[in-house]
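Take a look at the structure set out below.
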Amino acid sequence: MTLVENLKWRYATKKMNGKQVPEEKLDYILEAARYAPSSSGLQPYKILVVSDPEKLEQIKKIAFNQSQITDGSHLLVWAAWNDYSYEKIDDVMLATSRERGLPDNATEEYKKMLWSMYEPKGEAWRHNHAARQAYISFALAIAAAAEQKVDATPMEGFDNKALDELLGLEAMGLKSVVIMPIGYRDESADWLAGLKKVRTAKEDFVLRIA
Ligand SMILES: Cc1cc2nc3c(=O)[nH]c(=O)nc-3n(C[C@H](O)[C@H](O)[C@H](O)COP(=O)(O)O)c2cc1C
């Protein structure tokens, strides 16, 4: 199946059947997420994989009791840097230069230029920028899951602050952005399973400027 066919197959699954996603499929989805592009290559986010049933029960309670969180196999949590700093940018770029066999100062001017752009924008803007990078990774994970015929529900319907506390994200310098239970659809119990997928018509969606 092509990518577009897989995207038509997937849907925001409302009811999952408790079946486990094999480790190699989970790994494939996470690798797709890891290889996502990000602004300046900073990858200013992490993915937490939650599979402990007790934790998942606690998370469901702060996510409008959405059943996919406990009926799914794993819960993936994208958590973005709470803020950028020159040091964080330096850490990533220095590690990249070293892996590429470049001199330590290869990105000196670029790092200074980047921080001079980011610093005046303020903490809220910077966290938001990091969160936007996380969404790119999130989208690739959705596509990768569909390719693996694994169901996934993109979710913003949760209390971010409560999840940050539950997972101890603040101590890691992170804030939760978006979550995704993965698993397998329970077609007979899912009200959305049989409904037509609806999108904006192509002619209204794609605006060609000739
Ligand atoms: C960022 C984001 C957040 C979403 N949050 C939720 C959610 O909390 N719970 C849920 O059941 N669906 C959620 N959805 C699913 C959307 O409602 C769904 O993707 C959209 O209606 C299109 O339907 P489809 O994904 O089935 O094609 C979310 C989707 C995205 C992209």
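The values are calculated or read from the model by the stated rules, or taken from the named source; none is laboratory data. Just so it is clear, the structure is predicted and the values come from calculations on it, not from any experiment. Every residue, glycine as well, gets a Cβ built from its backbone with ideal geometry; the counts of neighbours run over all protein chains shown. Just so you know, the surface numbers come from the protein's heavy atoms only, side chains and all, with ligands and any DNA or RNA stripped out. Shrake-Rupley method; radii C 1.70, N 1.55, O 1.52, S 1.80 Å.
Filter segment 166-195 down to residues that are under 20 Å from ALA124 (Cβ atoms) and assigned to a strand (DSSP E or B) and give me whichever is most open to solvent (accessible area, probe 1.4 Å).
LYS175
Within the bounds of segment 124-138, is there any residue that is open to solvent by less than 30 Å² (accessible area, probe 1.4 Å), in contact with a helix residue (DSSP H, G or I) (Cβ under 8 Å, 6 or more places away or on another chain), away from the ligand (no atom under 16 Å from the Cβ) and part of a helix (DSSP H, G or I)?
Taking every residue of segment 124-138 in turn, at least one turns out to be open to solvent by less than 30 Å² (accessible area, probe 1.4 Å), in contact with a helix residue (DSSP H, G or I) (Cβ under 8 Å, 6 or more places away or on another chain), away from the ligand (no atom under 16 Å from the Cβ) and part of a helix (DSSP H, G or I).
Within the bounds of segment 72-86, is there any residue that is open to solvent by 70 Å² or more (accessible area, probe 1.4 Å) and outside any loop (DSSP other than H, G, I, E, B)?
The answer is no, given that none of the residues of segment 72-86 is open to solvent by 70 Å² or more (accessible area, probe 1.4 Å) and outside any loop (DSSP other than H, G, I, E, B).
From the list ILE47, ILE69, ILE89, which residue is hydrophobic (A, V, I, L, M, F, W, C), within 16 Å of the ligand (Cβ to nearest atom), on the phi < 0 side of the Ramachandran plot and in a helix (DSSP H, G or I)?
Going through ILE47, ILE69, ILE89 in turn, just one is hydrophobic (A, V, I, L, M, F, W, C), within 16 Å of the ligand (Cβ to nearest atom), on the phi < 0 side of the Ramachandran plot and in a helix (DSSP H, G or I): ILE69.
Of all residues being among the aliphatic types (A, V, I, L, M) and within 16 Å of the ligand (Cβ to nearest atom) in segment 12-28, which is farthest from ALA139 (Cα to Cα)? Just the residue, please.
MET16
Look through segment 93-113, keep the residues that are not in a helix (DSSP H, G or I) and not basic (Lys, Arg), and return whichever of them is least open to solvent (accessible area, probe 1.4 Å).
Taking the candidates together, the pick is THR107.
Which residue, of ASN17, ASN65, is of a type outside the set (D, E, K, R), surrounded by fewer than 13 Cβ atoms within 10 Å (Cβ to Cβ), modelled with pLDDT of 95 or more and more than 17 Å from the chain's Cα centre (by Cα)?
Only one candidate passes the filter, namely ASN65.
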